[in-house]
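Every number in this text was worked out from the coordinates using simple rules, so none of it is lab data. Keep in mind it's a predicted model, so treat the numbers as computed, not measured. Cβ atoms come from the backbone with ideal geometry, glycine included; neighbour counts cover every protein chain shown.
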Amino acid sequence: MTASLMNEEVMDAIDYSAKEFFMLNEVQDKVGEKIGQMVHAEGAMVTAGAFSGLILTMAVILTVKDQQKVKQLPCPSPGKSQY
């Protein structure tokens with residue numbers, strides 16, 4: 001049993017998406033933009049859950065728009081890796 005019944009609009013979207021290829025990162029970006037607009041925020045991101053959201057938040061805090069640090073993730077501080 002599912003948590004809820006899906007309305008026609010949702011089923012149409014599922015049916016459409018099952019017949020087309022999509023770049024997941026592009027879908028993620030568009031969904032984030034749309035949710036951001038809906039809640040009047042700069043942006044938003046759908047995650048797999050609260051912990052995923054916390055991990056992504058920490059990645060943002062650690063990199064602070066520094067593309068070099070972004071490329072070094074998950075260990076933005078060379079020499080301080082646990083690996």
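Points worth noting:
- GNM result for the chain, Cα springs below 10 Å: residue of Ala48, Ala13, Ala59 fluctuating most strongly: Ala13
- Tilt relative to the chain, helix 8-17 - C-alpha long axis, 0 to 90 degrees, to 10: 60 degrees
- 14 Å Cα-Cα reach of Lys30 towards aspartates and glutamates, excluding residues that sit fewer than 8 places from it in its own chain: Glu42
- Spin-label model distance (nm) - Phe51 vs Glu9, 7 Å beyond Cα toward Cβ: 3.3 nm
- [x] 1.34; [y] 1.09; [z] 1.47, with the label sought being that of the calculated Cα Rg over 2.2 N^0.38 Å: [z]
- Cα-projected label distance for Leu73 with Glu42, points at 7 Å along beta-carbon direction, nm: 1.6 nm
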